[in-house]
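Presented below is the structure to which this report refers.
The values are calculated or read from the model by the stated rules, or taken from the named source; none is laboratory data. Just so it is clear, the structure is predicted and the values come from calculations on it, not from any experiment. Here the Cβ positions follow ideal geometry from the backbone for every residue, glycine too, while neighbour counts run over all protein chains shown.
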Amino acid sequence: MLSGGSYLESYDMIDLHTHQSWPGYSGMIRIRSFQFSEIAELKTFTLPFSVGIHPWEAGDGGLDLALLERWIQQPNCLAVGESGLDKLRGPVLEVQIRWLMAQAQLAMSHSKPMIIHCVRYWNELITIRRKFPEVPAWIIHGFRGKAELAAQLVRHGFYLAFGTALMEESAALAEVFAQVPVTRLFLETDEGDATIEEVYTIAASIRQITPEQLQTAIINNFNTVFGNDVLPRLASTH
Ligand SMILES: [Zn+2]
């Protein structure tokens, strides 16, 4: 895939999930995450993005799957989400499940991975994932759970994205991160203040590999999850 190493050189850092619209330096891919309330106001967007109905807004009026689908169909929409389930915030579980399944259906029909926000509804999430085997991948964003949960999710085929919590939190999260198979990892900045370079640096030091090795591994994961054609396509437009 890395013909002549050119994609590796031009794209060495992937930020799976950010809420800032800044394009990043050359060499970065940043997936800008939009919630439904944002696309209702937005006319166009030319950078890579994901879009979904966040579980916190799943009880709001005016949610419109046809509008969501129009955004999902755009070539620079790389994933559906963040979507998911949250036990501490948002409408009742039944409503959250209904919107999550509707979005998984869209992800399936348009062959796009899901980026997932999940708080304490893990069994429900695993059950729903099983109903949609054709969705290319399910990535848990902002993972900060325990080792057993990480292992369980990996066993069920999920990818895990870690972010700035790696810098803020206890050694426990670092230990969890060190044990996740490198083939199932992504890194992200989300709403944190740290840069993606800082996240890569700390993440590589936790795993005792070089940032370059981590970049290569995550580019491989990106190609597996999003398809081999995506980085070359972004390289020609970035
Ligand atoms: Zn987010």
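The one condition from (1) buried (at least 18 other Cβ atoms within 10 Å of the Cβ); (2) under 30 Å from LEU65 (Cβ atoms) that VAL199 does not meet is (2). Of the set (1) in contact with a strand residue (DSSP E or B) (Cβ under 6 Å, 6 or more places away or on another chain); (2) closer than 15 Å to PRO113 by Cα; (3) touching a residue at least 24 places away in the same chain (Cβ under 8 Å), all apply to GLN73 but (1). Scanning the range 105-125 for residues being surrounded by 13 or more Cβ atoms within 10 Å (Cβ to Cβ), within 19 Å of PHE186 (Cβ to Cβ), of a type outside the set (D, E, K, R) and away from the ligand (no atom under 16 Å from the Cβ) gives a total of 3.
Here is a yes/no grid of residues against (1) of a type outside the set (A, V, I, L, M); (2) under 27 Å from LEU100 (Cβ atoms); (3) touching a Cys at 6+ places or on another chain (Cβ under 8 Å):
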residue: LYS131; (1), (2), (3): yes, yes, no
residue: VAL135; (1), (2), (3): no, yes, no
residue: ILE140; (1), (2), (3): no, yes, yes
residue: GLY163; (1), (2), (3): yes, yes, no
residue: GLY192; (1), (2), (3): yes, yes, no
residue: THR195; (1), (2), (3): yes, no, no
residue: THR210; (1), (2), (3): yes, no, no
residue: ALA217; (1), (2), (3): no, no, no
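Among the residues of the range 31-65, those identified as in contact with a Leu (Cβ under 7 Å, 6 or more places away or on another chain) and not hydrophobic (A, V, I, L, M, F, W, C) are ARG32, PRO48, SER50, PRO55. Scanning the range 4-57 for residues that are buried (at least 17 other Cβ atoms within 10 Å of the Cβ), of a type outside the set (Asp, Glu), farther than 19 Å from LEU68 by Cβ and modelled with pLDDT of 85 or more turns up MET13, ILE14, LEU16, THR18, MET28, ILE29, ARG30. As for the range 70-80, it holds no residue that is farther than 21 Å from PRO48 by Cα and surrounded by fewer than 19 Cβ atoms within 10 Å (Cβ to Cβ). Listed conditions (1) in contact with a strand residue (DSSP E or B) (Cβ under 8 Å, 6 or more places away or on another chain); (2) of a type outside the set (D, E, K, R); (3) more than 22 Å from ASN221 (Cα to Cα); (4) away from the ligand (no atom under 15 Å from the Cβ) are all met by VAL154, apart from (3).
Looking at the structure I just gave you, is THR183 of a type in the set (S, T, N, Q), crowded, with 16+ Cβ neighbours inside 10 Å and farther than 18 Å from GLY27 by Cα? In short, no.
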